[in-house]
């Protein structure tokens, strides 16, 4: 299992973000209009990032917003999820995420975390269903779009995979997963 995770760490990074960086920040105590505006600004900066290094730094800030909800109870539960995920206690993390998506049904990152864990456990159908929910609440979620692209690619559904990856690259043009789609490399170079 660990060997598999190491092999696909670039996909996991897109879906999860960096656990270490997220764990280092205390959860935000209030989601204000200013914070929402800051997230919008980060997405604008990400779209026009001049290089991969800058894009990675901006994306990390976005992941921090996504994984540190304003609600203190939810924030505590998310910290527990991230710890369980880091220890590869996936079934326990899914159980906690089941509660989160029931109690906080519009919290996109709860759905995304569960989608990622389902993917890691080989349950692509459940992962795709949760990805739909993520994108319902956060259509700019490049991690969910990459997850969708990877699942479709693994199933041989190339046109759907390319569509999802193209959407992800429109949001985050420096995703490392672009290398999984050589047919998009020429388009990226021309853009």
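Out of all the residues in the range 149-167, is one or more surrounded by 17 or more Cβ atoms within 10 Å (Cβ to Cβ) and within 20 Å of residue 94 (Cβ to Cβ)? Yes; the residues of the range 149-167 include at least one that is surrounded by 17 or more Cβ atoms within 10 Å (Cβ to Cβ) and within 20 Å of residue 94 (Cβ to Cβ).
List the helices (runs of 4 or more DSSP H) that sit entirely inside the range 108-191 and contain at least 2 residues that are at pLDDT 95 or above and more than 12 Å from the chain's Cα centre (by Cα).
Details: elements: 108-120, 124-137, 142-154, 158-171, 182-190.
Where helices (runs of 4 or more DSSP H) fall fully within the range 108-191 and carry at least 2 residues being at pLDDT 95 or above and more than 12 Å from the chain's Cα centre (by Cα), they are 108-120, 124-137, 142-154, 158-171.
For residue 69, only one of the following conditions fails: (1) surrounded by 18 or more Cβ atoms within 10 Å (Cβ to Cβ); (2) modelled with pLDDT of 95 or more; (3) not in a helix (DSSP H, G or I). What is its number? So the condition that residue 69 fails would be (2).
The values are calculated or read from the model by the stated rules, or taken from the named source; none is laboratory data. No experiment lies behind these values; they were computed from the predicted model shown. Heads up, the Cβs are rebuilt from the backbone with ideal geometry, glycines too, and the neighbour counts pull from every protein chain shown.
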